[in-house]
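Every read-out reported here was derived from the displayed coordinates using simple, explicitly stated rules and does not represent laboratory data. What you see is a predicted model, and the numbers here were worked out from it, not measured in a lab. Cβ placement follows ideal geometry from the backbone for every residue including glycine, while neighbour counts extend to all protein chains displayed.
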Amino acid sequence: MKLARASGTLGLAALAVIASPLAVADDSGWYGGLNIGQSRAKIDDAKITSSLLGQGFTGVSITDDGRDTGYKLFGGYKINRNFAVEGGYFDLGRFGFTATTQPPGTLSGTIKLKGLNLDAVGILPFTEKFSAFGRVGMNYAQARDSFSGTGSVINVTNPNPSKREANYKFGAGLQYDFTQSLGMRLEAERYRINDAVSNKGDVDLFSVGLVYRFGEKTRAPAPRAETVAAAPAPQPVVVTPPPPPPPAVTPPPPPAPRKVTFSADSLFAFDKATVKPDGKQQLDKLAADLRGANFDVITVTGHTDRIGTHAYNMKLSTRRAEAVKAYLVEAAGIPAGKIAARGTDGSDPVTKPGECKGKKATKALIACLQPDRRVEVEVSGTR
């Protein structure tokens, strides 16, 4: 029995992505999941018919069973937002045929396919939640066949052949992330298989599944507004003449806000949002000043340079501002509700127009734009 090449070609999207250091975001991590769907194979009826006619039979009719349920369990590591390595276990199901001959007899055959795979995965994000991906890799499959005959077809030389062999595989799909941790995949894959009787063919798996990313932290919910008690009903009062007005006193001016600026490169590694040990020492000095101080609100603003897309810069600068906020809450004991964190996309630079020329992310341009990458902490109403 031969699993012949199925018609059509599966496209492989977004695999040639350059994973340079400038493209690395804080998106790395482990993930795993499960896909299930329909597997399809094409039985080589022509070769089966030719073999039986060559053995002296005068007529052959064949019924095929070329579809089954397949599934795969997978796990992987996302190196950056555009590239991952993925491996797992797959079971493509069972396929078979029944050939009826003249003189009367039948020949039945089945094949079961399962194995392991290792793929390189290229990812093309369209939005923060929706992306396409393509994969190419190797599969190590076990093919287990079973042949039996009745009537005039009783001479089956090898009724249970089996084969283990490595071949290529490839595929493409779409992914939608419901949350930072949980997403859904829709995928099409092609597995190259040796059918254990010296033939090679393709088996396709069309599946849908869930993927879970480990280690993602859920953002803390916004502080709830305190419930204001309803004002009591007004009580009747006795009207008395008002006292003479006190002498006019000019109120003191409100305290000027205090702003502290930190270089983002001193607080974080490039394209990261985790505070470095050296950065913690800088924030500890500010935390010591704020501990026990009387103020109205603290605003933490993350700034990036102009390199990169709007969405990418907003995400990175916001995460950096939130990291500084979280550290001040922990180190200085400041209530989270009194600190606001926000990010910008490089629209408020410190460098002057024309000072840093060029658009390509060269080392010289990155160094020139260093003052733009910063975190500003503004303390308002300090007394």
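Test of understanding: extend the Cα→C-beta vector of Y89 to 7 Å, then name every residue of segment 96-123 with backbone N under 18 Å from that spot.
112-119
What net charge do the residues around F83 carry, taking every other residue with its C-beta under 13 Å from that of F83, with Lys and Arg at +1 and Asp and Glu at -1?
0
Treat the count of other C-beta atoms within 10 Å as a stand-in for reagent exposure and order R373, R190 from fewest to most.
By the 10 Å Cβ count, ascending, the order reads R190, R373.
Roughly speaking, what is the stretch gain from L73 to K360, that is 0.36 nm per residue apart minus the C-alpha to C-alpha distance, in nm to one decimal?
99.2 nm
Counting only the backbone N, which residues of segment 104-120 are under 11 Å from the spot 7 Å out from the Cα of A166 toward its beta-carbon?
What the label zone holds, given the 11 Å backbone N cut-off, is 118.
Using 1/(1 + (r/R0)^6) with R0 = 25 angstrom and r between the beta carbons of S51 and L116, what's the FRET efficiency to the nearest 0.05?
0.20
If each residue's Cβ is checked for other Cβ atoms within 10 Å, how do M138, M314 rank with the fewest at the top?
Placing the least packed residue first, the sequence is M138, M314.
What's the FRET efficiency of H310 with T240 using the Cβ-Cβ distance as r and R₀ = 51 Å, to the nearest 0.05?
Result of the calculation: an efficiency of 0.20.
Using the structure shown, list the pairs from K272/K325; K78/K285; K285/K352; K78/K129; K47/K72; K325/K359 with a Cα-Cα distance above 26 Å, or answer none.
Over 26 Å apart, Cα to Cα: K78/K285; K285/K352; K47/K72; K325/K359.
When a/c reaches 1.5 or more, the comparison of a/b and b/c decides; with that in mind, is segment 253-319 rounded, prolate or oblate per its Cα gyration tensor?
oblate
Using the basic label-point model (7 angstrom from Cα toward the beta carbon), what is the N199 to S380 distance in nanometres?
7.6
Within the set of other residues whose C-beta is less than 15 Å from the C-beta of K359, count the net charge using Lys and Arg as +1 and Asp and Glu as -1.
Charge balance in the 15 Å sphere: +1.
What number comes out for the charge environment of K325, summing +1 per Lys or Arg and -1 per Asp or Glu over other residues with Cβ under 11 Å away?
Its environment carries a net charge of +2.
Taking the Cβ-Cβ separation of E128 and D284 as r and a Förster radius of 35 Å, what is the calculated FRET efficiency to the nearest 0.05?
0.55
If packing is taken as the average number of other Cβ atoms within 10 Å across a peptide's residues, how do 68-74, 177-183 rank, most packed first?
68-74, 177-183
Between E330 and D265, what length in nm is gained on full extension when 0.36 nm per residue of separation is reduced by their alpha carbon distance?
Extra length available between E330 and D265 comes to 21.2 nm.
Return the Cα extents of segment 79-174 along principal axes one, two and three, sorted largest first, each rounded to a whole Å.
64, 23, 15 Å, listed from the longest principal axis down.
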